[in-house]
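S.K.: Please read through the structure below; I'll follow up with questions.
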Amino acid sequence: MGTIIKINPQKPKRKKIEEAVSVLKKGGLVIFPTDTVYALGGSIRFPKAINRIYWIKKRSRKKPLVFLIGFKKDVKKFTAKLSKGVKRLIRDYWPGSLTLVLPSTKKHKTVALRMPDHRIALGLIRGAGALAATSANLSGRKENISVKGMEKRLLQQADLCIDGGEAPLKSVSTVLDATSYPFKVLRKGTIKEEELK
């Protein structure tokens, strides 16, 4: 069983956040709460960590991971020119529960980015850099909104698990394809489609 530490989501202690950041900086995997559901993540700088996420979750390699960023300006590291529509969405919904699929400047055609609205998650991302992440559950199973009831495989294989209580929104982020206009909702989530028009 990996280590489980409790962190108050309202007043996260810096020492505990730093403990988790050091795990991520060494290529380890951390389970942590976000504003939507619990996530399993690792630094994007470690391909082995990304491979482990797929293995632990039993996730298809055809399903890309989301990159979680700590500041709105970080979007420029992953995508080129931003349209007025995308800039508006970032202004209105970040930090928050909107995942944007954008044209990528890297080897893949697209990249999915989100800036979560959660102190623990942002503390980790800002400390360790962008994280490749996905919901902390086995593929095909329901997303977890707390550590209670989380699959043993995840808790055993992750290097560290942060228990930060229930995820506030208790539901997944809305995924919006913003690579071309009109934008298209790829996954329904906490933000309704009508709000994004």
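S.K.: Give me the pairs: first residue in the stretch 142-166 and assigned to a loop (DSSP other than H, G, I, E, B) and surrounded by fewer than 16 Cβ atoms within 10 Å (Cβ to Cβ), second residue of a type outside the set (A, V, I, L, M, F, W, C) and modelled with pLDDT under 95, beta-carbon distance under 8 Å, and six or more apart or on different chains, which are they?
M.R.: Every condition considered, no pair remains.
S.K.: May I pose another question? Determine, yes or no, whether THR134 is within 23 Å of LYS73 (Cα to Cα) and either more than 15 Å from the chain's Cα centre (by Cα) or β-branched (Val, Ile, Thr) (or both).
M.R.: Values: within 23 Å of LYS73 (Cα to Cα): yes; either more than 15 Å from the chain's Cα centre (by Cα) or β-branched (Val, Ile, Thr) (or both): yes.
So THR134 passes the test.
S.K.: To continue, here is another question. Looking at the stretch 65-77, which of the residues that are assigned to a loop (DSSP other than H, G, I, E, B) and either at pLDDT below 95 or among the aliphatic types (A, V, I, L, M) (or both) is farthest from ARG126 (Cα to Cα)?
M.R.: From the stretch 65-77, those assigned to a loop (DSSP other than H, G, I, E, B) are 65, 69-71; that's our starting set.
Going one step further and asking which of them are either at pLDDT below 95 or among the aliphatic types (A, V, I, L, M) (or both), we end up with 65, 69.
Numbers: LEU65: 19, ILE69: 8 Å.
Among those residues, the one meeting the criterion is LEU65.
S.K.: More than 23 Å from THR110 (Cβ to Cβ), without any contact (Cβ under 8 Å) to a residue 60 or more places away in the chain, out of contact with any Lys or Arg (no Cβ under 8 Å at 6 or more places or on another chain) and not hydroxyl-bearing (Ser, Thr, Tyr): does that describe LYS76? I'd like the intermediate steps shown before the answer.
M.R.: Numbers: more than 23 Å from THR110 (Cβ to Cβ): no; without any contact (Cβ under 8 Å) to a residue 60 or more places away in the chain: yes; out of contact with any Lys or Arg (no Cβ under 8 Å at 6 or more places or on another chain): yes; not hydroxyl-bearing (Ser, Thr, Tyr): yes.
The answer is no for LYS76.
S.K.: Another question, if that's okay. Which members of the stretch 37-52 meet the condition of being crowded, with 23+ Cβ neighbours inside 10 Å and either part of a helix (DSSP H, G or I) or in contact with a Leu (Cβ under 7 Å, 6 or more places away or on another chain) (or both)? Outline the logic, then answer.
M.R.: Let us first name the residues in the stretch 37-52 that are crowded, with 23+ Cβ neighbours inside 10 Å, namely 37-43.
Residues satisfying the conditions are LEU40, GLY41, GLY42, SER43.
The values are calculated or read from the model by the stated rules, or taken from the named source; none is laboratory data. Predicted model only: the values in this text are computed from it and were never measured. No Cβ is skipped: glycine too gets one built from the backbone with ideal geometry, and neighbour counts run over all protein chains shown.
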